[in-house]
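The structure appears below as structure tokens.
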Amino acid sequence: MRRLIWPSVALALVIAYPLLFSTPFQQRLGALILLYAIAASAWNIVGGYAGQVSVGHVVFFGCGAYASMAAYSHFALPPLVGIPAGIIVSVLIAAVIGVPTLRLSGHYFSMATIAVAELVRLIVTNTEFLGAAVGLSGPTVPRTMLDLSFTSALPYYYLFLSVLLITLGITWWMANSRMGFYLRAIRDSERAARSLGAPASRTKLYAFMLSAGLTSVAGALYAMMFGFVDPESGLGILISVKMLIMAALGGAGLLFGPLVGAAILVPLEEISNNLLGGKGAGLTFVVYGAIIVLIARFQPGGILTLIKRLWARGGKTPEPTVAAGATHAP
Amino acid sequence: MRFKHILVLLSAAAMSIALAGAAPAQDKTVKIGAIYPLSGNAASAGVHGKAAIETAIDIINNAHPELGNLPLAKNAGLAGLGGAKVEAIFADNQGSPAVGQNQALRLITEEKVVALNGAYQSGITLTTSAISEKYGIPYVAGESVAASLTERGFKWFFRVTPIASDFAKIYLEFLKDMKAGGQKIDNIALVHENTEYGTSVASVITGMFKDNGLSIAQDISYSANTTDVQSQVLQLKDKKPDVVIMISYTSDAILYAKTMQALDYKPPLMMADNAGFSDPSLIKTAGKLVQGVFNRSSFSIGPPGSPTFLINEMYKKRSGDDLDDTAARMMQGFFVLCDAIDRAGSTAPDKIQAALKATDLKPDQLIMGYKGVKFDDKGQNILASGLVIQLQDGENYVPVWPKDKAKTAPVLPYKGW
Amino acid sequence: MSSILVQVIVGGLLLGAVYALFSSGLTLIWGMMNIVNFAHGDFVMLGMYVAFVVWTLLGAGPFLGAPVAALVLATLGIIVYFGLIRSVMKGPMLAQILGTFGLALLLRYSVFWGFGANFMTLPENLVGGTFDVLGIRIQASRLLAGVVALLVTLGLHLLLTRTSLGSKMLAVAEDSTAAQLMGIRPDTMQAIAWAIAAGATGIAGALIATFFYIAPTVGETLAIVAFVTVSLGGFGSVPGALVAGLLIGVIESVSAYWIGAVYKDIVVYSLFLCFLWFRPQGLMGKS
């Protein structure tokens, strides 16, 4: 029973956050943290748990974003339709490119994912139906609540929180299932896992497809909140990198790693931009870059592993930690 | 226990969020938000725009009787608000629509600005003005030319600059005039970059030319920030068009200038649609390679002693470069906004909106060469206009068309280097 | 018509040589230390700025600019190695991506802060102009870059395969524990490898500055080209990077001319993907 106290307190605080920090800006910041946490957590499934570092995940993000904006622009449907549509498209893409690409090892896999994402971005930039370079817009004035175009960030916050909890729930369920067991084996040594009979290719593919579907949900939610998507903001490589570094900074392969990473990086970017951006000397990024370098230098396993170590040293039962890929024991 | 750790972290994050949202102390100045690209690929334009707006603030807040009929120059501060000073709060949009929107929200809800100015890139102007529309805050855009911006039925969005179709018309009339003077213009090639700016301007030009009997023989679309343009220049060299119209940002413009020289290609007539070819960086680095290129502008520095000349001197002290058309348009947008606030006599959004709607500035009250500033009910300035300028010596652009605004006659054929 | 095609191909080869030039450093460290360096493009950018400073202060061209850039970058490389790389090397690939991404931002915007956002160039005639060879126009500056690319590739290859330093570096790359047992210090070897790679990148930047524009954001544009070149060539293979670079340069130029500029990248990426799918170790990488 005691084990549930801390989680409950944490959850209560997260739920109460927008009521405690209630300026529009703070609420929006909270919503953004959750949104990026969803994307990073989705990435975590294939990048952290399965150990396949995809640097092209934005292609799935873009699926969801474009699906929701296209549903509105071309069919006058509420952008919400983009969620199931995006999931279908992204899972299909993941299945199609996953088969040949997951055979590649380590860095070659990462490069192939970058190539796929850039290829899709270039194709979309030249496709009129998807807005080409100009992009697609959502409803500027919401028609019904189903359009999910709110002025206040509060509804977004709770919507994203629910989706994040679902994403984390799916991740947790997967990690504790047989699939999760296989993934850990594969991540540690694929050859050994295969020799012991683990269906490595199939498992990696399923993880890839699952991750793709969830990432596209994040993309659709993003498009609904910002009301606009173009090739740079929906399929740009920077988004892939952001997903990745949030998971890495917090702790890849850990359930809450991406959330921690998002909770640090998103406010960090905002604060440095607010304080320094207006001066026009690029200092925002000097500070932001320096902090990331410091964290990578001193805590390559992610912040969460640091916290775990500190608590472990504080006399609590030390949890078995395995570099930056530890899954939690239930 | 894991959750404890997360708790610690989330509290730290929460504290930093509280910091992020800290609202500054109130004072008697009128605060205006300015969202521009101050980092990333378009930073050159944003940084010049910042210097331009700071010059404008200097003019407004201090007495400058030497600047003639320019509104707000004569007195110090805004007379309509008892001499209150104006302050611009700059925010970097980092070239991203999402960041732009976040900053717009921060400026409106935290910094409590009374109006917004921005955002250079049309896609970002789109998303940032969507926020100001939701909050009922006036937004004045001085330089974004995408047509869609005034087609949204917005009530709080006002655009001072001419738009792509205005420029297409200018090019059309100019080329027809050149044809009447004996210049061949039958084969026209459009070279445009592949992002939102290049594609929309190119399609407007193509449409308008087609409707008026001129056809685009070659449409060369390329990816912005490319590493190499040799093949594109060779395509031009192969087809030998009579007119080449370039729609590029600075980086690509520099590449084209150098590559054309390297491959010894000179079109008989070369036109550029502002952006890269107006950037002082281009003129400094490659101006001597593109002598004779035509451009569009609504701004010219004017004779020594004229208000625009004096303003340029003030701007040069801040930025080190002469005022280019883009920065001048940003400055003009800012002036129009402040003039409206002054006439409103209040910082209440609806009063500013009403004052903007009633704007009726005459040409001698502007730094730009527009016919005036008057907004239609879509928020577009219907008196916006432009003229054709030419980089005749590789260092300065001079107005060459229409005849009544020209300083010298157009020099043809294109000289290059 | 066919003389234009020859021009396109020659242009593509020269372009490709440039790609190879600034990718050789990247493949060296990628192969030797298995490091993903997201800051590579910004190292090239720094080389360009060093050349610019050398020209501004001393009026000298790349014959002085390139060696100075090599020294400056090599020094920076050593600092970066001891300051960051050594720690993230021990971590997973993610930590390397994280660290070098942060480094890229730091370098890029420090230069932005110091030099401003304006685009700059070296004067046109710094390395002689353009000359005609049988009707084909060749820019002296690009030709020089191409020649240097060949020299650098040859130099690095010989260094790795024919010198004792090279074999020590390869030993560490192969198995650093075994190398240690043989008296080789992995740390020193890796720092040297990093410095050499950074130096080569500095030379690349200094030469590219003679015909390209100089801006803090150049790194973004060049980095991805380098990544594709290096993986196509095979991580760790310097000759592979040369061949891959030339191939990509020619394919890019010919596609841009025949099909259209917007499609050139689509062609390159598609071919790249197909190639990887069928030959996962790249052109000349280890299986």
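Before moving on, here are some points about what is shown:
- Residues of region B:141-183 classified as acidic (Asp, Glu) and more than 13 Å from B:ASN274 (Cβ to Cβ), total: 3
- Residue count, region A:99-144 (criterion: in contact with a helix residue (DSSP H, G or I) (Cβ under 9 Å, 6 or more places away or on another chain), more than 30 Å from A:GLY51 (Cβ to Cβ) and of a type outside the set (S, T, N, Q)): 11
- In summary, B:ASP339 fulfils each of the numbered conditions (1) in a helix (DSSP H, G or I); (2) buried (at least 20 other Cβ atoms within 10 Å of the Cβ); (3) touching a helix residue (DSSP H, G or I) at 6+ places or on another chain (Cβ under 7 Å) with the single exception of condition (3).
- Scope region A:128-158; condition in a helix (DSSP H, G or I) and surrounded by 22 or more Cβ atoms within 10 Å (Cβ to Cβ); matching residues: A:LEU130, A:TYR156, A:TYR157
- Scanning region B:371-395 for residues that are closer than 27 Å to B:VAL336 by Cα and surrounded by fewer than 21 Cβ atoms within 10 Å (Cβ to Cβ) gives B:LYS371, B:GLY372, B:LYS374, B:ASP376, B:ASP377, B:LYS378, B:ILE382, B:LEU383, B:SER385, B:LEU387.
- Scanning region A:81-100 for residues that are more than 30 Å from C:PRO280 (Cβ to Cβ), within 12 Å of another protein chain (Cβ to nearest Cβ), over 18 Å from the mean Cα position of the chain (by Cα) and assigned to a helix (DSSP H, G or I) turns up nothing.
- A single member of B:LEU38, B:LEU10, B:LEU19 is at pLDDT 85 or above and within 8 Å of another protein chain (Cβ to nearest Cβ), and it is B:LEU38.
- Check on C:LEU150, more than 14 Å from chain A (Cβ to nearest Cβ) and either closer than 23 Å to C:GLY41 by Cβ or among the hydroxyl-bearing types (Ser, Thr, Tyr) (or both): yes
- When C:ARG142, C:ARG137 are checked against the criterion of being in contact (Cβ under 8 Å) with a residue 40 or more places away in the chain, part of a strand (DSSP E or B) and within 30 Å of B:SER231 (Cα to Cα), C:ARG137 stands alone in meeting it.
- Selection of region B:202-224 for residues being within 20 Å of A:ILE123 (Cα to Cα) and crowded, with 18+ Cβ neighbours inside 10 Å yields B:ALA202, B:SER203, B:ILE220, B:SER221, B:TYR222, B:SER223, B:ALA224.
- Count of residues meeting criterion [assigned to a strand (DSSP E or B) and free of Cβ contacts under 8 Å to residues at least 24 places away in the same chain] in region B:84-103: 0
- Test: residue in region B:144-162 that is small (Gly, Ala, Ser) and at positive phi: yes
- Residues in region C:260-287 that are away from chain B (no Cβ under 14 Å), assigned to a helix (DSSP H, G or I) and touching a residue at least 12 places away in the same chain (Cβ under 8 Å): C:LEU271, C:PHE272, C:PHE275, C:LEU276.
- Only listed residue being under 17 Å from A:ALA42 (Cβ atoms) and more than 11 Å from chain C (Cβ to nearest Cβ), chosen from A:LEU214, A:LEU148, A:LEU136, A:LEU196: A:LEU214
- Highlighted here are the helices (runs of 4 or more DSSP H) found entirely within region A:250-315 that include at least 2 residues which are within 20 Å of C:ILE97 (Cβ to Cβ), over 21 Å from the mean Cα position of the chain (by Cα) and modelled with pLDDT of 85 or more: A:283-298.
- Qualifying residue in region A:253-267 (condition: surrounded by fewer than 24 Cβ atoms within 10 Å (Cβ to Cβ) and within 11 Å of chain C (Cβ to nearest Cβ)): yes
- Qualifying residue in region B:72-79 (condition: surrounded by 23 or more Cβ atoms within 10 Å (Cβ to Cβ), among the hydrophobic types (A, V, I, L, M, F, W, C) and either touching a strand residue (DSSP E or B) at 6+ places or on another chain (Cβ under 6 Å) or modelled with pLDDT under 90 (or both)): yes
- Only residues that are in contact with a Lys or Arg (Cβ under 7 Å, 6 or more places away or on another chain) and part of a loop (DSSP other than H, G, I, E, B) were counted across region C:180-215, and they come to 2.
- Residue pairs whose Cβ atoms lie under 7 Å apart, sitting 6 or more positions apart in sequence or on different chains, and linking a residue in region C:238-259 that is closer than 30 Å to B:ASP219 by Cβ and assigned to a helix (DSSP H, G or I) to a partner that is at pLDDT below 90 and of a type in the set (Ser, Thr, Tyr), are C:SER255/C:TYR263.
- In summary, B:LEU81 fulfils each of the numbered conditions (1) at the interface with another protein chain (Cβ under 10 Å from one of its Cβ atoms); (2) touching a residue at least 60 places away in the same chain (Cβ under 8 Å) with the single exception of condition (1).
- Conditions (1) at pLDDT below 90; (2) surrounded by fewer than 24 Cβ atoms within 10 Å (Cβ to Cβ); number of the one not met by B:ASN312: (1)
- Failed condition for A:ALA95, given (1) of a type in the set (Gly, Ala, Ser); (2) buried (at least 19 other Cβ atoms within 10 Å of the Cβ); (3) over 18 Å from A:PHE150 (Cβ atoms); (4) in contact (Cβ under 8 Å) with a residue 60 or more places away in the chain: (2)
- Under the condition of being closer than 27 Å to A:THR215 by Cβ and facing chain B (nearest Cβ under 7 Å), the residues counted in region A:1-12 number 2.
Let's see how each residue does on (1) within 14 Å of chain A (Cβ to nearest Cβ); (2) of a type outside the set (A, V, I, L, M):
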site	(1), (2)
C:PHE63	no, yes
C:ILE79	yes, no
C:ARG86	yes, yes
C:THR100	yes, yes
C:LEU105	yes, no
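- Among the residues of region A:103-127, those that are in a loop (DSSP other than H, G, I, E, B) and either within 30 Å of B:TYR197 (Cβ to Cβ) or at pLDDT 90 or above (or both) comprise A:ASN126, A:THR127.
The values are calculated or read from the model by the stated rules, or taken from the named source; none is laboratory data. Computed from a predicted model, the values in this text were never measured in an experiment. No Cβ is skipped: glycine too gets one built from the backbone with ideal geometry, and neighbour counts run over all protein chains shown.
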